[in-house]
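Peer 1: After the structure tokens below, expect a handful of questions from me.
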Amino acid sequence: MSWLSAFSLKEIISTFITLFAVIDIMGSIPIILSLRQKGLAIKPVKATLTSTVLLLIFLFGGNLVLDLFNVDIYSFAVAGSFILFIMALEMILDVEIFKNAAPSQEATMIPIVFPLVAGPAAFTTLLSLCSMHATINILIALVLNLVWVYIVLSMTSRIEKLLGKSGIYIARKFFGVILLAVSVGMCVSNVTKFISLADDECESPKEEVKQVYVLAPEAVADSTGVACDTIATYYIKVSGTPADTVATGNAAGGNAPAPSAD
């Protein structure tokens with residue numbers, strides 16, 4: 001099966017780390033604890049399932065959105081790499097560039113599901129990864145990340161006690177550097193692919209098929225048995241250079257010889 005042949009452990013690990021850094025549920029532990037201290041209930045199962053549905057819809061339907069706005073995947077991936085770059089700077093420098101002005105009355109849906117887990121950054125990253133990795137590998141990495149999201153939401157207090165505030169801080173910095181490197185690599189890779197694709201379109205000759213009708217002469221009629229008034233039809237494919245010209249033909253009432261490329 002095609003999806004089985006596309007399976008790659010290396011791609012799964014790479015995609016998992018990228019999504020892990022983007023979703024950054026570990027870095028959201030202080031936010032989750034703060035919401036619970038305010039008396040807002042967070043339902044891990046509901047949050048995980050809703051996030052899964054939203055991310056899967058965008059993973060498999062995101063290209064339709066791009067086609068609607070006439071945007072190719074490479075351009076979108078480059079734009080997404082800029083967002084990841086800014087997010088990485090936020091994690092490394094402890095600054096807030098993206099402002100979250102969403103209402104916070106519902107803790108499960110907002111801000112846990114959106115924008116913390118299934119936010120614009122995750123949507124952008126999924127489509128950007130589609131230009132680099134096989135869908136099956138992205139899907140596996142996504143599911144593993146969402147399982148981790150569920151574990152963190154269910155055991156937030158225990159994880160904080162286990163790692164400590166210093167451990168969470170160090171992990172956030174580490175994955176910030178990883179995300180920064182991923183964003184640069186994603187930008188360079190997709191810019192290179194876009195330029196290569198544009199060069200191929202400019203250099204590749206356009207094939208043209210021409211239909212030529214030739215009246216069979218007596219010499220042809222004598223050797224092939226085709227009547228002199230028979231029209232032979234030849235389809236000539238022109239690839240851009242005389243050496244690439246190929247001709248095939250047939251004649252009503254017999255087989256006419258194909259003319260040479262000369």
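Peer 1: Which helices (runs of 4 or more DSSP H) does region 1-45 wholly contain that include 2 or more residues that are under 17 Å from residue 115 (Cβ atoms) and modelled with pLDDT under 90?
Peer 2: 9-23, 29-37
Peer 1: Within region 113-122, count every residue that is modelled with pLDDT under 85 and either closer than 20 Å to residue 154 by Cα or surrounded by 19 or more Cβ atoms within 10 Å (Cβ to Cβ) (or both).
Peer 2: Total satisfying the criteria: 5.
Peer 1: Go through (1) within 25 Å of the chain's Cα centre (by Cα); (2) not in a helix (DSSP H, G or I) for residue 148 and report which single condition fails.
Peer 2: (2)
Peer 1: Name the single residue, out of those in region 157-192 being surrounded by 15 or more Cβ atoms within 10 Å (Cβ to Cβ) and touching a Pro at 6+ places or on another chain (Cβ under 9 Å), that is nearest to residue 81 (Cα to Cα).
Peer 2: Looking at residues that are surrounded by 15 or more Cβ atoms within 10 Å (Cβ to Cβ) and touching a Pro at 6+ places or on another chain (Cβ under 9 Å), I get 168.
Peer 1: If I filter region 124-143 for residues that are farther than 26 Å from residue 9 by Cα and not aromatic (Phe, Trp, Tyr), do I get at least one hit?
Peer 2: Within region 124-143, not a single residue is farther than 26 Å from residue 9 by Cα and not aromatic (Phe, Trp, Tyr).
Peer 1: Where residues in region 140-155 are farther than 12 Å from residue 48 by Cβ and surrounded by fewer than 19 Cβ atoms within 10 Å (Cβ to Cβ), which of them is modelled with the lowest pLDDT?
Peer 2: Result: 155.
Peer 1: For residue 69, are the conditions met, namely being in the same structural domain as residue 25 (by TED's automatic domain parsing) and either closer than 28 Å to residue 35 by Cβ or touching a residue at least 12 places away in the same chain (Cβ under 8 Å) (or both)?
Peer 2: So residue 69 fails the test.
The values are calculated or read from the model by the stated rules, or taken from the named source; none is laboratory data. Just so it is clear, the model here is predicted, and its values are computed rather than measured. Note that we place each Cβ from the backbone using ideal geometry, even for glycine, and neighbour counts take in every protein chain shown.
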